[in-house]
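> Input: one structure, supplied below.
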Amino acid sequence: MKLKYGSTTFTLNLLPERLAGVITPLPVVVDKSPAEIIAAALDGCHNVLSSFRPGEKVVVVTSDITRYAGSEIYLPLLIERLNRQGIADHDIEILIALGIHRKQTEHEHRRILGLLYGRIHVSDHDCDDPDMLTCIGTTSNGISVSINRRAVEADHLILTGTIGFHYFAGFGGGRKSVLPGIASRKACMASHFTVLNPGEGSGKNPLATTGNLEGNPVHHAMVEGCALAKPAFILNTVLGADKGIIAAFAGDWRDAHEAGCRFYREKFAYPLVEKCDLVIASCGGLPKDINLIQAHKSMEYAAQALRDGGVMILLAECRDGFGNGTFFNWFRHTRLEEFEAALRAQYEINGQTAYSLLQKAQRFKIILVSQFAAEQVEAMGMLPAQTLDGAMELAAELLPENWRCYLVPEAGSVLPVAV
């Protein structure tokens with residue numbers, strides 16, 4: 001079987017008796033083209049769009065290159081609807097929701113905008129530029145929400161992106177386009193800090209977990225932040241394992257997102273009868289393994305199928321390295337208690353991800369196949385390998401004699417759930 005790794009693949013040779021199952025999303029029958037799916041979703045926004053007037057300014061927020069959403073398909077269709085309402089190209093701006101991520105290259109802008117590149121103005125959000133930020137209010141738990149000034153000054157704000165699992169916000173998409181997507185670094189950090197329970201040493205809030213919105217404090221903070229921005233509507237896609245658009249949800253920023261999350265949970269949660277000694281997981285190739293911060297999501301999901309003390313082989317090329325310059329520095333803390341205390345003292349989103357990774361590295365034996373140097377992988381508590389074959393040889397030394405495994409070819413898109 002071929003398993004994706006960056007833009008290439010590894011071949012897995014496994015005896016049938018060793019395989020407990022292949023964890024994949026449920027098959028989805030799609031009888032419309034991506035353009036037809038998007039068009040049908042936008043039809044539901046006719047009443048809102050009909051209120052737009054010529055000369056009004058529109059900002060369309062969309063995801064960066066680390067979160068492929070099908071933007072090169074849906075953005076031209078959305079802009080076409082705006083043009084029909086008399087909104088001229090020069091009154092439209094596409095704002096890339098970087099959060100705290102790096103700026104995009106020209107090539108990446110071309111990939112995100114598709115045929116619109118060079119026609120519609122595009123800019124990257126900068127969470128650290130005070131001149132481009134303005135405060136829009138404060139959430140009930142005291143988070144001061146400053147977001148991109150262009151989004152605030154526009155007559156209409158439209159949020160776009162894709163819905164998928166998120167390891168502590170429950171799901172991506174929807175409200176995340178505002179907070180953290182186009183928010184200040186301080187607001188990003190504050191919203192993510194809610195993942196921790198109040199009180200030193202009390203750990204992570206158990207409701208801040210993958211696939212859950214109910215009572216999730218991170219989701220709640222993001223919802224309040226988004227409400228302050230007053231988006232006109234959202235357009236969110238749902239992608240299949242091949243990254244093709246299988247569904248789209250558009251309309252009220254809260255209702256449409258929640259409908260999309262329900263659909264996603266139904267299609268991409270895998271019922272799990274038992275856990276195994278070994279899980280072999282591929283993130284699904286680019287862009288889901290573009291860096292370690294992104295690849296961690298696949299690690300988190302695949303870990304749900306693994307017994308305590310079990311072995312995971314994670315295929316994650318990480319051609320862009322860690323994904324942020326401060327991420328690796330957090331692994332100077334090797335004890336979880338010490339790590340949590342440092343995180344509470346000076347919270348960083350990257351630190352939260354590093355903390356979550358170290359938790360799994362100490363609960364399981366994780367073999368990482370990547371482009372990282374061996375000493376870097378070891379410093380993060382994992383075992384390094386350069387190839388899948390090499391990882392399998394290493395795993396064999398760590399597993400019981402009668403081990404069985406799950407194979408997860410698209411670990412960034414499916415959540416094993418115990419039944």
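The values are calculated or read from the model by the stated rules, or taken from the named source; none is laboratory data. A quick note: this is a predicted structure, and the numbers were derived from the prediction, not measured. Every residue, glycine as well, gets a Cβ built from its backbone with ideal geometry; the counts of neighbours run over all protein chains shown.
> When region 280-312 is examined, which residues are found to be farther than 13 Å from P409 by Cα, β-branched (V, I, T) and either in contact with a Lys or Arg (Cβ under 8 Å, 6 or more places away or on another chain) or surrounded by 23 or more Cβ atoms within 10 Å (Cβ to Cβ) (or both)?
Passing the criteria: I290, V311.
> Could I ask something else about it? Of the residues that make up region 211-218, is at least one closer than 23 Å to A361 by Cα, in contact (Cβ under 8 Å) with a residue 40 or more places away in the chain and in contact with a strand residue (DSSP E or B) (Cβ under 6 Å, 6 or more places away or on another chain)?
Scanning region 211-218, I find at least one residue that is closer than 23 Å to A361 by Cα, in contact (Cβ under 8 Å) with a residue 40 or more places away in the chain and in contact with a strand residue (DSSP E or B) (Cβ under 6 Å, 6 or more places away or on another chain), so the answer is yes.
> Any residue in region 56-75 that is farther than 17 Å from H109 by Cα, modelled with pLDDT of 95 or more and not aliphatic (A, V, I, L, M)?
yes
> Additional query: Is it the case that some residue within region 343-359 is surrounded by fewer than 19 Cβ atoms within 10 Å (Cβ to Cβ) and in contact with a Cys (Cβ under 8 Å, 6 or more places away or on another chain)?
No, the conditions are met nowhere in region 343-359.
> Continuing with the same structure: Residue check, L95 against (1) in a loop (DSSP other than H, G, I, E, B); (2) among the aliphatic types (A, V, I, L, M); (3) within 25 Å of Q294 (Cβ to Cβ), all met but one. Which one?
Unmet condition: (1).
> Somewhere in region 176-184, is a residue assigned by TED's automatic domain parsing to the domain that holds G137, of a type outside the set (S, T, N, Q) and surrounded by fewer than 23 Cβ atoms within 10 Å (Cβ to Cβ)?
No, the conditions are met nowhere in region 176-184.
> hydroxyl-bearing (S, T, Y), at pLDDT 95 or above and under 23 Å from the mean Cα position of the chain (by Cα) - does that describe any residue in region 367-380?
For region 367-380, residues hydroxyl-bearing (S, T, Y), at pLDDT 95 or above and under 23 Å from the mean Cα position of the chain (by Cα): present.
> Restrict the check to region 257-265 and report whether at least one residue is under 22 Å from L14 (Cβ atoms) and touching a strand residue (DSSP E or B) at 6+ places or on another chain (Cβ under 8 Å).
no
> Looking at A316, A345 in this structure, which one is touching a Leu at 6+ places or on another chain (Cβ under 9 Å) and of a type in the set (G, A, S)?
Result: A316 is the single residue among A316, A345 that is touching a Leu at 6+ places or on another chain (Cβ under 9 Å) and of a type in the set (G, A, S).
> If you scan region 148-163, which residues turn out to be of a type in the set (K, R) and touching a residue at least 60 places away in the same chain (Cβ under 8 Å)?
Within region 148-163, just R150 meets the criteria.
> Looking at region 172-196 only, could you name the residues that are assigned to a loop (DSSP other than H, G, I, E, B) and either of a type in the set (V, I, T) or at pLDDT below 95 (or both)?
Of everything in region 172-196, those that are assigned to a loop (DSSP other than H, G, I, E, B) and either of a type in the set (V, I, T) or at pLDDT below 95 (or both) turn out to be V178, I182, T194, V195.
> Could you check A229 against (1) surrounded by 23 or more Cβ atoms within 10 Å (Cβ to Cβ); (2) under 16 Å from the mean Cα position of the chain (by Cα) and say which number it fails?
(2) is the only condition that A229 fails.
> Restricting to region 221-265, name every residue that is under 17 Å from E410 (Cβ atoms) and either touching a helix residue (DSSP H, G or I) at 6+ places or on another chain (Cβ under 8 Å) or not small (G, A, S) (or both).
Hits for region 221-265 are T237, V238, L239, D242, K243, G244, I245, I246, A247, Y264, R265.
> Among the residues of region 342-380, how many are of a type outside the set (V, I, T), touching a residue at least 12 places away in the same chain (Cβ under 8 Å) and either in a strand (DSSP E or B) or closer than 22 Å to E317 by Cβ (or both)?
Number of matching residues: 16.
> Please state which one of Y74, Y117 is within 30 Å of A316 (Cβ to Cβ), assigned by TED's automatic domain parsing to the domain that holds V238 and touching a residue at least 24 places away in the same chain (Cβ under 8 Å).
That would be Y74, the only listed residue that is within 30 Å of A316 (Cβ to Cβ), assigned by TED's automatic domain parsing to the domain that holds V238 and touching a residue at least 24 places away in the same chain (Cβ under 8 Å).
> Quick one: count up the residues across region 297-320 that are outside any helix (DSSP H, G or I) and in contact with a helix residue (DSSP H, G or I) (Cβ under 7 Å, 6 or more places away or on another chain).
8
> Please find, among G199, G215, the residue that is outside any helix (DSSP H, G or I), modelled with pLDDT of 95 or more, on the phi > 0 side of the Ramachandran plot and surrounded by fewer than 22 Cβ atoms within 10 Å (Cβ to Cβ).
None of the others qualify; the one that does is G215.
> Another one. Within region 186-196, can you find the residues that are more than 23 Å from Y264 (Cβ to Cβ) and either crowded, with 18+ Cβ neighbours inside 10 Å or outside the structural domain of D131 (by TED's automatic domain parsing) (or both)?
Answer for region 186-196, where residues must be more than 23 Å from Y264 (Cβ to Cβ) and either crowded, with 18+ Cβ neighbours inside 10 Å or outside the structural domain of D131 (by TED's automatic domain parsing) (or both): A187, C188, M189, A190, F193, L196.
> Evaluate region 381-392: report whether one residue or more is at pLDDT 95 or above, outside any strand (DSSP E or B), at positive phi and within 25 Å of the chain's Cα centre (by Cα).
Checking region 381-392: at least one residue is at pLDDT 95 or above, outside any strand (DSSP E or B), at positive phi and within 25 Å of the chain's Cα centre (by Cα).
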